Amino acid sequence: MEPSLEWQLPNTIAAPHKLPDYTLRSSSPQPTIPMTRKQLAHSPHRDLQESHLLKLPQELRDLVLEYVLSDPIATPRHQRTVFASERGDLARYNGSITSLLQFMDVPLLHTCHQIAREGLRILFQRTTIVFICGPKVQLDILRDMPDDLHHALRNMEISWSMMPRDLKYRLDDLVEEELIPLFGFVRQNMRLRNLTVSLQYLALSSGNMVKRFKSGIPPQTRYQVYLAREALKMLLRGQLETLVIRYEPFNAWAILQPKVQVLDMAAIDPRMWVLDHYEALSALQYEIRAVDEVWKDFDLTLLVEKVEIEPWHRSNMDTNIGLELVITLALGKV
C-alpha cells in the first residue's frame, strides 16, 4: 500500500531571515522531498492572502524585507547584489519585474510579484547593485527598468568581467557608442549617490607589452580609464557623493610581481603619491585635465577621502589571490 501524502505548510514565520520551508512530506519515514516551483504553483495552499508577511502593514513588511535582504549594520558598499547578464539574455527581458529577476540570484524575490517589487526596492536602496555585463547590455537593462527602481538605486558598481573582443581596434568608437550613452542615461534618469569602478595596475614584466600600445597601457586598462573618467566627471559636477576606485591587478603576473606596491600606497598620505608611477591613475588625471579648461590643474590625490586594502579575487574564483587598493574619492575632501 502506498504511503499517504499530505501538504504541510508553516503556520508562522519563526525567523524573518529564513524562508518558509515548503515541502512535500510523507507519513512513512522517508526523506523530505522539496517541492518544485511548478508543484508549489498548483498547491491548493498557494493563496497569497494566507501569507503572514503580506498581512503586515507596509512599514513592518519593509523592515522584515530589509532584515532578510540586507545587513542594517554594514555599509551598502559591503553588501552587493550582482546583476549577471549577457547580450543573449535581453531576448527574455522586457523591463518587467519578472524578467528583471532572471539577472539576479535572490530566491525570496521569486515567491510572488508583490514581494519581488518591494524586495527589489529594498535591495536598490540598501545594497550596491553590481553590473558585470558590458555597457550596451547594462544600458538596455537600465533603460527598460521601472522608474521607481531608477530612483531607488543609490549605489552602483560597474565591474565588467568581459571586454569587447574588438577593443584593440575600435576603442574610441566603443567609448562613443557605448560608454558615453550609458553615462548620459545615468546622469539624466538616476539619483546615484555612490559609484564604484575599477582600474588596473600592471606587472614589473609588462614593459615589453605596453611598448606595443601608443598610450603606454593596454587597451583594456585604457578602456577602464575612460570609464573612470566619465564617473569622475559626475563626481566633480556634484552628481555623486563618492566615487570608489578599485585599484586591482591586471593579471596573474601583476599579482606575483606587481609594478605598484599597494601596501606602500596605503601606508602614506595620498598627497605624497607620485602618480607617474601608477599608469592608470596618472592616465585618469590626464584625461580629466583634458576635458575642461576648468580642470586643467586637477590633482586627483586631493580628492582621496579614504584608502583601504582588501583581498582581491577574480569574479569566477572564490579564493583570494591578490590585493587591491580601494580608493574613495569625495568632493568634501577638497
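Converting phi to 3J(HN,Hα) with the Karplus coefficients 6.51, -1.76 and 1.60 and the offset θ = phi - 60°, segment 139-149 yields 5, 4, 5, 5, 4, 8, 6, x, 4, 5, 6 Hz in sequence order, with x at every glycine or proline.
With 25 Å as the limit on Cα-Cα distance, the pairs of Lys136/Lys306; Lys259/Lys306; Lys136/Lys168; Lys136/Lys296; Lys233/Lys296; Lys233/Lys306 that go past it are Lys136/Lys306; Lys136/Lys296.
In order along segment 324-330, phi translates into HN-Hα couplings of 10, 9, 9, 10, 9, 10, 8 Hz, rounded to whole numbers, per the Karplus curve 6.51 cos²θ - 1.76 cosθ + 1.60 with θ = phi - 60° and x for Gly and Pro. In segment 109-266, a dipole from Cβ-located charges (positive for Lys and Arg, negative for Asp and Glu) runs towards its positive end, and of Pro249, Gln188, Gln114 it is Pro249 whose Cα lies farthest in that direction. Put a plus charge on the Cβ of each Lys and Arg, a minus charge on the Cβ of each Asp and Glu, and nothing anywhere else: the dipole of segment 59-333 about its Cα centre is then about 360 debye.
Bear in mind these aren't lab numbers, they're just calculated from the coordinates by the rules spelled out. What you see is a predicted model, and the numbers here were worked out from it, not measured in a lab. Because the Cβ atoms are built from the backbone with ideal geometry, glycine has one as well, and the counts that use them run over all protein chains shown.
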